[in-house]
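Since the structure comes first, as structure tokens, the remarks are kept for the end.
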Amino acid sequence: MAATKTYIPKATEIERRWYVVDAEGQTLGRLATQIATIIRGKHKPSFTPHLDVGDYVIVINAEKVHVTGNKQEQKFYYRHSGYPGGFRSTSLRDQLDKHPERVIETAVKGMLPHTNLGRDQLKKLKVFAGPNHPHAAQKPETLEIRGASRA
């Protein structure tokens with residue numbers, strides 16, 4: 001009885017592509033799940049959980065992302081400086097006004113593995129608040145996110 005071998009791609013065989021996603025009018029969580037899938041490489045037949053086989057994603061118009069319900073007032077981002085009294089919280093509305101890129105980065109980061117691999121994969125996410133980005137030389141393809149737009 002012959003056993004079939006599991007295919008594991010080598011570093012030289014991994015082909016990376018660049019995609020541009022327009023976040024205008026997209027629902028935050030639905031957008032983030034599909035971006036995380038592309039960054040991890042789960043859309044490829046050569047997906048391997050312990051290797052980084054994913055593609056690069058450029059997100060534009062991050063400031064125009066949509067959230068449902070009352071999340072703009074009720075969702076908070078927390079951080080602590082490590083010093084006494086160093087606890088800070090920021091609402092989603094304030095975060096979208098000051099640093100809209102961080103909203104999408106944080107949502108995608110939570111959907112990636114919480115390991116060294118996940119940190120390396122997060123570096124393939126490029127988020128910009130406006131419609132312009134400096135990655136035109138990579139010739140990115142436009143990626144349509146399915147089912148994430150606001151009705």
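The values are calculated or read from the model by the stated rules, or taken from the named source; none is laboratory data. Since the structure is predicted, the reported quantities are computational estimates derived from the model, not experimental observations. Note: ideal-geometry Cβ built from the backbone for every residue, glycine included; neighbour counts use all protein chains shown.
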Problem set entry | Yes/no for Lys42 being surrounded by 10 or more Cβ atoms within 10 Å (Cβ to Cβ), within 22 Å of the chain's Cα centre (by Cα), modelled with pLDDT of 95 or more and within 30 Å of Thr12 (Cα to Cα) | yes
Exercise. Among Tyr77, Tyr7, Tyr83, which is the only one that is in a loop (DSSP other than H, G, I, E, B), touching a residue at least 12 places away in the same chain (Cβ under 8 Å) and aromatic (Phe, Trp, Tyr)?
Worked result: Tyr7
Problem set entry | Restricting the stretch 17-28 to residues that are in contact (Cβ under 8 Å) with a residue 60 or more places away in the chain and surrounded by fewer than 16 Cβ atoms within 10 Å (Cβ to Cβ), the residue that is nearest to Glu144 (Cα to Cα) | Gly25
Exercise. Would a scan of the stretch 79-100 turn up a residue that is closer than 17 Å to Val57 by Cα and under 17 Å from the mean Cα position of the chain (by Cα)?
Worked result: yes
For this session: Answer yes if at least one residue in the stretch 51-69 is surrounded by 17 or more Cβ atoms within 10 Å (Cβ to Cβ) and over 23 Å from His133 (Cβ atoms), and no otherwise.
Result: yes
Seminar exercise, completed: Reported set for the stretch 32-58 where residues are within 21 Å of Glu144 (Cβ to Cβ), β-branched (Val, Ile, Thr) and free of Cβ contacts under 8 Å to residues at least 60 places away in the same chain is Thr37
Problem set entry | Which listed residue is in contact with a Pro (Cβ under 6 Å, 6 or more places away or on another chain) and of a type in the set (Asp, Glu), from Glu63, Glu24 | Glu63
Exercise. So is Asp120 part of a helix (DSSP H, G or I), in contact (Cβ under 8 Å) with a residue 40 or more places away in the chain and either of a type in the set (Asp, Glu) or out of contact with any Leu (no Cβ under 8 Å at 6 or more places or on another chain) (or both) or not?
Worked result: yes
Exercise. In this structure, is Ile35 out of contact with any Lys or Arg (no Cβ under 8 Å at 6 or more places or on another chain), buried (at least 17 other Cβ atoms within 10 Å of the Cβ) and not small (Gly, Ala, Ser)?
Worked result: yes
For this session: Looking only at the stretch 22-66, count how many residues are closer than 19 Å to Gln121 by Cα and not in a helix (DSSP H, G or I).
Result: 20
